[in-house]
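Quick one: this structure, given as structure tokens, is what I'll be asking you about.
Please treat every number below as a calculation from the coordinates, not as lab data. Bear in mind the structure is a predicted one, so any value in this text is a computation, not a measurement. When we count neighbours, we look across all protein chains shown, and the Cβ atoms used for this are built from the backbone with ideal geometry, even at glycine.
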Amino acid sequence: MRRLLHRLQTQNRIAIQLAIISFIAGFIVFLLFVITGNKEYAFLGIICIIIASIFNLILFLVVVGHTILGSVSLKEGLFTMYVMILNIPITISYFHINYEILVLTLA
């Protein structure tokens, strides 16, 4: 994996690293909530999702722009976008679970 990341252009490498870090951070917060049952972890999870989504969206747009303009090969750009898009269903699931828990406990 490390060898693959070094072959990518800087913006693509950062985008993939951010997607991986976002996934790991979200998973850790979600796992902490499941293990402890502490509602504050659900709230922290939503904050984490919002922040990660903003940064990931910005980098995704940068990657799309570089791919369209041709400064990145199509294969490299599509690979980076694919890795970033893999986080979307997981993020939606985490958000839905955290939101439902917060709504049910606050009501």
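Please verify whether segment 76-84 includes one or more residues that are more than 13 Å from the chain's Cα centre (by Cα), closer than 18 Å to residue 17 by Cβ and among the acidic types (Asp, Glu).
Yes, the conditions are met somewhere in segment 76-84.
Go through (1) free of Cβ contacts under 8 Å to residues at least 40 places away in the same chain; (2) more than 18 Å from residue 86 (Cβ to Cβ); (3) touching a helix residue (DSSP H, G or I) at 6+ places or on another chain (Cβ under 7 Å) and name the single condition residue 13 misses.
All conditions pass for residue 13, except number (2).
Taking into account only those residues within segment 52-94 that are of a type in the set (Ser, Thr, Tyr) and outside any helix (DSSP H, G or I), which is surrounded by the fewest Cβ atoms within 10 Å (Cβ to Cβ)?
Within segment 52-94, the match that is surrounded by the fewest Cβ atoms within 10 Å (Cβ to Cβ) is 71.
Shifting gears a bit: If you go through segment 34-45 one residue at a time, how many are closer than 20 Å to residue 89 by Cβ and surrounded by 16 or more Cβ atoms within 10 Å (Cβ to Cβ)?
Residues flagged as closer than 20 Å to residue 89 by Cβ and surrounded by 16 or more Cβ atoms within 10 Å (Cβ to Cβ) within segment 34-45 amount to 2.
Let me ask something else about it. Kindly establish whether residue 29 is assigned to a helix (DSSP H, G or I) and either in contact with a strand residue (DSSP E or B) (Cβ under 6 Å, 6 or more places away or on another chain) or not hydroxyl-bearing (Ser, Thr, Tyr) (or both).
Taking the combined requirement at face value, the residue satisfies it.
Any residue that is touching a residue at least 12 places away in the same chain (Cβ under 8 Å), farther than 15 Å from residue 94 by Cβ and either among the aromatic types (Phe, Trp, Tyr) or loosely packed, with under 15 Cβ neighbours inside 10 Å (or both) - is there at least one of those in segment 21-33?
no
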